[in-house]
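Following: one structure in structure tokens, then a few remarks.
The values are calculated or read from the model by the stated rules, or taken from the named source; none is laboratory data. This one's a predicted model, so the numbers in the text were calculated from it and none came from an experiment. As a convention, Cβ positions derive from the backbone with ideal geometry for all residues, glycine included, and neighbour counts pool all protein chains shown. Accessible surface areas use protein heavy atoms only, side chains included; no ligands, DNA or RNA. Shrake-Rupley method; radii C 1.70, N 1.55, O 1.52, S 1.80 Å.
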Amino acid sequence: MGAAVSDAGGPVAGIDAAPVTAWLAERVELSSPLSFELITGGHSNLTYRVIDAEGRRWVLRRPPLAHLLASAHDMVREHRILAALEPTPVPTPPVVGLCTDADVNGADFYVTEFVDGTVLRSVADAELLTPEARGVLSRQLVEVQAAIHSTDLEAAGLDTLGRPNDYAARQIHVWRRQFNAMTSRDLPIIERVHDELVASIPPQTEATLVHGDYRLDNCLSGTNGELAAVLDWEISTLGDPLADFGFSLGYWVEPGDGFSPLGHDATLAEGFWTREELVNAYGELTGRDVSAMGWFFAFADWRLACILEGVHARYVGGAIPEIPPEVHEFPAGVVALAARAEATLTDL
């Protein structure tokens, strides 16, 4: 497969410009040539900004170039979710189309409209917003996640998206297996926390749509604190909404934590809520019992530790072309997350 040319004139791995241009031209009005730019920051599927000669923009998503995990990089599934959510209150990028013909680009991909907004990863990014806007965004994040968890599955055609029951137990099994498949280290703490989690899983009382990776830097934020779009639906399924909310807490950094799981510290900026405030707001908005959130927070830390071990392995193995600086911190972050999970479980 030939490489595309970026707007800077260099090759873009993962894009075959001519057939992709022809495919897109059948679906939207565009002016050739197209330029393609890999949008950095994603740690799994590859995301590209597509710009035509008149400045019109789209976004293209495709799987990594190597080290694919079964079902983790399913473009058809991700496209299905986005298309289903378009008429709902959940803000998502409008879908342009899905391509499953490998002759076009070597792998499945889909294209969406470009949504204006900023991905906030650092305190410097967050300071583009006022402290008041950061407070607004904190609430918006909770409100939108609550909206995800209240999606009418049957009306959206998502009631067959996944197995709805025993979500936490299945997630624990999956991520332990994937950790063992990707790691080259001996980390007994991963097994210890695994065993403690399995022995104390709270009962699941309902099943909803869950994003699986809902966090600040998987959203596009507006300048006034509005949430413009939720991105990266690749591991969304049906499951326990409390677990999904717990995952979000695992990514949320606040003063005193001592480390940032992804190397992103935007939520340290003045005005962002604390994890406790997020939990209280979610409970008030949804009416759900959040008393077991300590367990779900520990689960989130352990799960993220397993994920980061695999992400690091994929970067080292060359599956993702550009390696962000924070990836070098992931091995230490895996240990820190597992240790925090163990401490949290001990304190319950």
Report the Rg/Rh value for segment 193-348, based on alpha-carbon coordinates and the Kirkwood definition of Rh. 0.95
Write down the Å³ per residue value for the convex hull defined by the alpha carbon atoms of segment 145-211. 111
Sketch the reach of a paramagnetic label on E206 as a point 7 Å from Cα along Cα-to-Cβ, and name the residues of segment 253-284 whose backbone nitrogen lies under 12 Å away. 283-284
Taking the Cβ-Cβ separation of L268 and R139 as r and a Förster radius of 22 Å, what is the calculated FRET efficiency to the nearest 0.05? 0.75
Exactly which chymotrypsin sites (Phe, Trp or Tyr not before Pro) in segment 237-266 are in a DSSP loop and have at most 15 other Cβ atoms within 10 Å? F259
Estimated inter-spin distance, D101 and V198, nm [label 7 Å along Cα→Cβ]: 4.7
Gain in span if fully extended, A169 to N280, counting 0.36 nm per residue against the direct Cα distance: 37.4 nm
Between the modelled labels at A155 and I189 (7 Å from Cα along Cα→Cβ) the distance in nm is 4.5
Grab the eigenvalues of the alpha-carbon gyration tensor for segment 117-171, scale each by 5, take roots, and send me the semi-axes largest first in whole angstrom. 33, 14, 10
Measure off, as a whole percent, the carbon and sulfur share of the 1.4 Å-probe accessible area of the chain, all protein chains present. 52
Equivalent-ellipsoid semi-axes (√(5λ), Cα gyration tensor) for segment 166-274, whole Å, largest first? 27, 19, 14
Column: log10 I(q)/I(0), Debye, Cα scatterers of segment 72-202, q = 0.09, 0.19 Å⁻¹: -0.46, -1.18
For Rg and Dmax of the Cα atoms in Å, one of (i) 27.3, 79; (ii) 19.8, 64; (iii) 19.8, 60 was computed from the structure I shared and the rest are decoys. Which label? (iii)
Relative contact order of the chain, please, whole-number percent, based on alpha carbon pairs below 8 angstrom and at least 6 residues apart. 18
